[in-house]
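Below: the structure, in structure tokens.
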Amino acid sequence: MIKEILNFEVTIVGGGISGVVAAIAAARNGAKTLLINSSPVLGGNSSSEIRVWTRGSSGGGNVFSEEMGILGELKLRNQYLNPNLNPFIWDEVLLEAVLKENNITLLLNTLVVKSEYSKGFIRSIEAYSIKGEVNYFIKSKVFIDASGDGILAASTDMEFVIGKESYDEYFEDFAPKKASSCTQGNSILFFTEEKDHKVEFIAPSFAYSIEEIESLINTDGRIVNEKTNGLDFWWVEYGGNLDLLSKVQDVTFELKRLSYGIFNYIKNSGKYNSDNLELVWIGNVPGKRESRRFKTDTILNYNDIKTKRVFDDVAFYGGWFIDFHPEGGIFSKEDSCTQIPIRIYPIPLSTLYNSKVKNLLLCGRIIGTTHSSFASTRIMDTCALSGQAAGVAAAYLSSFDKTTSDLKIDYPFVQKNIEDVLLINYEPNYSSLDYKCEVSSTISSVPGKESGSLNLDNNDIFLTIPSNALSNCSIVIDSSKDTKVFVNTSYDILPHRFNIDIYNTDYISLKKGRNIISLSKFFLKDNKYTTLNFVNTSGVNFPLLDESLPGILLGYTKKPKYYNPYIITKDFSYLSKNNLLNHYNRPYNNYNAWVSDKIDCTLKLESSTFNYLRLYFDPSLERELVSSRQLRVNNSHLIDDIFHVAPSLVKDFDLIPYKGEKQLKTIEIRNNYQRLVKIKFTEDIDSFIIKFIDTWGEKRIRLFSIEIEKK
Ligand SMILES: Cc1cc2nc3c(=O)[nH]c(=O)nc-3n(C[C@H](O)[C@H](O)[C@H](O)COP(=O)(O)OP(=O)(O)OC[C@H]3O[C@@H](n4cnc5c(N)ncnc54)[C@H](O)[C@@H]3O)c2cc1C
């Protein structure tokens, strides 16, 4: 065995989505960073080894809440490179992003086996290369545990919990009376494809028989047919009542028995049209849902989420359902999952460390949460955002020779550098210089023409609209008779399409025929996003437009598809250039973007001297961007069919910088598919003009925010 001694500023153990994002964040914040991953590919559960799609707050029904930051950059790159969302290409999107960072050294196929811990510090760790013969001894100023199991944290003084806390501990609605060490189980997924010829399948002898499988399926969402595929089999879950750290082999073999048994059932039970169906991939590494959770300085519990607790050291957010699975998994008689919709909620930095351990941060599913709040924070978009916060914090600690206990006071320095992540209730300690800004065009009429409609028969429909757009506008609704429609109203920082947190119930009266209904009675003085839930009523239709009035959406509450309502208004002030000056770079209480009337327009900015620029465009933040997916997807996932760059993103523009009167060389941005465009000017400037040239399809420019700095 070759011995190698390595020395880094920040070392991350685990290259799942949280570890990858943590490494990029640490590296971009100046730390010499090492990322170690035991598997050959990056992405953990989202990698092609396991193939879980990354989801987050939008998937949980929170509109305009799609997670951005470093994860957003990766998802937008993936959408551009990998429109079919093939899991192999997602692996390479992550690999490419890591290899591009000069400050990151990456060790794949490398397993961390030991750590030396004393007096509050991890002194060193030991790892070996699984495919080679190298033994690494690694020293680092700061470590981040992103291993999903907490291999590093478990070797320190940090206490941890496996399973569920008792009700008495945090008084959470869903906590059991007695604590239990049971967890959510593991799963092995498989992918199938319909071929143009017959394909035989003989199951391996260890697979469960057709009769055994029959007794486990077709109850409560355990849908099996020739069309089910990939993550449709999320409920093939096992091991929650075992010790998943020690029983890993038993659990793997049992999951293989189940997965092969189910595919054999589809092929050979004679119940399905599956002659041409081929098994094209089956996992070998079980995806793990739950493991240790560590006792950090703050432990996020469900009451914090429910009561919208404000955290001064907010560092990221969550918004996926509280998503419980029974510990018995596929063998349980309980529902395979229970999903409670919640609004987006802040998560503090102090869930990522315990100040007893001076040089360790956590990210991913092991952070300081109770079982009930973990049931939401475990979703990968949230895990990735925790990685960004941990990476920024680790770089801060390493560059200023600080320890985790300093974060109690120093958290604003970390918050300031968490780029493009929504920090709820955080007043930006704004570093951008002030500027003056002129635009040559602002939207002045409702775009588009009538095209199709949504029907309120047997469906609830939601309309979401910022309060500052609501006061002077009306919606067109058609009715086949005189009727009343009940409307539940809710107000919050962002809309939720399910009917939750109802503030008021009212009704609107419709006459037979076309109605123009003023929405002013739903106006709330506070700046909030308003969501009107129209309760299902027969004979009522909402006509649609073929173009969008940004920030206003209509849809069925249970479907993740968004449409353009037929709105009548003359007041477009909610989309004015003033939004560029309000410091919000995404929807938050309002829509917050400037929107032009046409693509061919200009923006002129003047300030004092600066050399760095950030532009925040709109990738349609209501769209859920998943890392991978199979082409056929069961409707029960509530997932949209998105396979292309958002039409609302600005694609081509020229930026002409000026220093005083002197025009400098034009910067041509072409084929942009990112939301956040960063430009470092080679010399100081004091103004620029942007000439917009094209978008990915929309007939207008949308821009949330401009930040300029002298670096
Ligand atoms: C079947 C299933 C369905 C799910 N459904 C969804 C879903 O639809 N959407 C969603 O977003 N989330 C879903 N989840 C949850 C989500 O996948 C996890 O919560 C998430 O992956 C946790 O991220 P992580 O980065 O903490 O850990 P992981 O993704 O588990 O990554 C941990 C990484 O650490 C590495 N590692 C571990 N130990 C060591 C070591 N000793 N040395 C070096 N490296 C090590 C591993 O190789 C791995 O790459 C699901 C999970 C499962 C299993």
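Aspartates and glutamates within cross-link reach of residue 333: Cα-Cα under 16 Å, excluding same-chain residues under 8 positions apart?
Here the aspartates and glutamates satisfying the reach criterion relative to residue 333 are 212, 214, 220, 237.
What is the spin-label model distance, in nm, from residue 693 to residue 5 if the labels are put 7 Å beyond Cα along the C-beta direction?
With each label placed 7 Å out from Cα toward Cβ, I get 5.4 nm.
Length gain on complete extension for the stretch residue 137 to residue 209, per 0.36 nm per residue less the alpha carbon to alpha carbon distance? Mind dumping the intermediate values first?
On the way: separation 72, 0.36 × 72 = 25.92 nm, distance 4.82 nm.
That pair, residue 137 and residue 209, stretches by 21.1 nm at full extension.
Per-residue HN-Hα couplings for segment 255-272, Karplus 6.51 cos²θ - 1.76 cosθ + 1.60 at θ = phi - 60°, whole Hz, x for Gly and Pro?
5, 5, 4, 5, 5, 5, x, 5, 5, 4, 4, 5, 6, 10, 7, x, 8, 10
Two decimals, Cα atoms only, Kirkwood Rh: what is Rg/Rh over segment 314-423? Display every interim value, and only then the final one.
Numbers: Rg = 15.8 Å, Rh = 14.9 Å.
Rg/Rh: 1.06.
In terms of modelled amide H atoms, which long-range or inter-chain residues lie less than 5 Å from the amide H of residue 144?
Amide H to amide H, under 5 Å and 5 or more residues apart or across chains, residue 144 pairs with 11, 12, 13, 361.
Using modelled amide H (1.01 Å from N, peptide plane; none on Pro or chain starts), what sits under 5 Å from the amide H of residue 110, excluding residues fewer than 5 places away?
Distant-sequence amide H within range of residue 110: 37, 38, 39, 130.
Let me see the pair-distance distribution of segment 450-568: every alpha carbon pair, 10 Å bin width, integer percents in order.
All Cα pairs, binned at 10 Å, distribute as 14, 52, 32, 2 percent.
Through the Karplus equation 6.51 cos²θ - 1.76 cosθ + 1.60, θ set to phi - 60°, convert the phi angles of segment 448-458 into ³J(HN,Hα) values in whole Hz; use x for Gly and Pro.
With coefficients 6.51, -1.76 and 1.60, one gets x, 10, 5, 7, x, 7, 10, 9, 8, 5, 6 Hz.
Using a/c under 1.5 as the rounded threshold, could you call segment 41-182 rounded, prolate or oblate? The axes a ≥ b ≥ c are square roots of the C-alpha gyration tensor eigenvalues, and prolate needs a/b larger than b/c, oblate otherwise. Walk me through the numbers on the way to the answer.
On the way: a/c = 2.10, a/b = 1.05, b/c = 2.00.
Since a/c reaches 1.5 but b/c is at least a/b, the shape of segment 41-182 is classed as oblate.
Which of rounded, prolate or oblate describes segment 1-102 when judged by the alpha-carbon gyration tensor and an a/c cut-off of 1.5?
On the way: a/c = 2.13, a/b = 1.61, b/c = 1.32.
Taking the square roots of the gyration eigenvalues as a ≥ b ≥ c, segment 1-102 is prolate.
In the full protein assembly as shown, how much of residue 503 is accessible to a 1.4 Å probe, in Å² to the nearest 10?
150 Å²
Please list, in chain and number order, the residues 5+ apart from residue 694 or on another chain whose amide H is under 5 Å from its amide H, with Hs placed from the backbone.
When sequence neighbours closer than 5 places are left aside, the close amide H contacts are 651, 652.
What number comes out for accessible area per residue over the chain if the probe is 1.4 Å? Units Å², please. Please list the in-between numbers first.
Values: 27410 Å² over 711 residues.
I get 39 Å² per residue for the chain.
Quick check: net charge around residue 449, other residues with Cβ under 13 Å of its Cβ, Lys/Arg +1 and Asp/Glu -1?
-2
Pulled fully out, how much extra length does the chain show between residue 521 and residue 509, if you take 0.36 nm times their separation in residues and subtract their Cα-Cα distance? If you can, show how the numbers build up before the last one.
Working: separation 12, 0.36 × 12 = 4.32 nm, distance 1.29 nm.
Extra length from residue 521 to residue 509 when fully extended: 3.0 nm.
Residues with beta-carbon under 10 Å from that of residue 28, excluding residue 28: net charge, scoring Lys, Arg +1 and Asp, Glu -1? Write down the numbers at each step before the final one.
On the way: positive: none; negative: 101, 419.
Net of charged neighbours comes to -2.
Can you list the HN-Hα couplings for segment 241-254, worked out from phi with the Karplus curve (6.51, -1.76, 1.60; θ = phi - 60°), rounded to whole Hz and with x for Gly and Pro?
9, 10, 7, 6, 7, 9, 9, 4, 5, 4, 5, 4, 5, 5
Could you tell me what percent of the accessible area of segment 175-313 is made up of carbon and sulfur, with a 1.4 Å probe and every protein chain present? List each step's numbers first, then the result.
Working: 3060 of 6330 Å².
About 48 percent, which is the carbon plus sulfur part of the accessible surface.
Any idea what log10 I(q)/I(0) is at q = 0.17, 0.21 Å⁻¹ for segment 186-288, Debye with uniform C-alpha scatterers and no solvent?
Listed by q, the Debye log ratios stand at -0.74, -1.10.
With each label point set 7 Å from Cα along the Cα-Cβ vector, what nm distance links residue 308 and residue 665?
5.0 nm
With a sphere of radius 12 Å drawn around the Cβ of residue 285, what net charge do the other residues whose Cβ falls strictly inside it have (Lys, Arg +1; Asp, Glu -1)?
Values: positive: 51, 256, 288; negative: 49.
Local net charge: +2.
Three principal axis extents, largest first, for the C-alpha atoms of segment 578-711, in Å?
Ordered largest first, segment 578-711 gives principal extents of 59, 31, 31 Å.
Using a Debye calculation, one point per C-alpha and no hydration shell, please list log10 I(q)/I(0) for segment 533-639 at q = 0.09 Å⁻¹ in order.
Calculated log10 I(q)/I(0) at the listed q: -0.37.
If I compute solvent accessible area with a 1.4 Å probe over the protein chains, what percent of it on segment 450-568 is carbon and sulfur?
Working: 2180 of 4760 Å².
Percent of accessible area from carbon and sulfur atoms in segment 450-568: 46.
Can you quote the Å³ per residue value for the convex hull of the Cα atoms in segment 265-369, rounded to an integer? Present the calculation step by step, with values, prior to reporting the outcome.
Details: hull volume 18.8 nm³, N = 105.
Measuring per residue, one finds 179 Å³ for the Cα hull of segment 265-369.
Tell me, Kirkwood radius of the chain from alpha-carbon pair distances, in Å? Could you put the intermediate results ahead of the total?
Values: mean 1/r = 0.0373 Å⁻¹.
Computed over Cα pairs of the chain, the Kirkwood hydrodynamic radius comes out at 26.8 Å.
Rank these residues by their accessible area, most exposed first, probe 1.4 Å: 643, 191, 88. Walk me through the intermediate numbers first.
Details: 643 50, 191 25, 88 110 Å².
Most to least solvent-accessible, the answer reads 88, 643, 191.
Work out the FRET efficiency for residue 333 and residue 247 from their Cβ-Cβ distance, taking R0 = 25 Å, and round it to the nearest 0.05. Each step should come with its number before you reach the end.
Details: r = 22 Å, r/R0 = 0.89.
E between residue 333 and residue 247, to the nearest 0.05, is 0.65.
The values are calculated or read from the model by the stated rules, or taken from the named source; none is laboratory data. All values derive from a computational prediction rather than experimental measurement. Here Cβ is always computed from backbone atoms with ideal geometry, including for glycine, and neighbour counts include all displayed protein chains. Heads up: the accessible areas ignore ligands, DNA and RNA and are worked out on the full protein's heavy atoms, side chains in. Shrake-Rupley method; radii C 1.70, N 1.55, O 1.52, S 1.80 Å.
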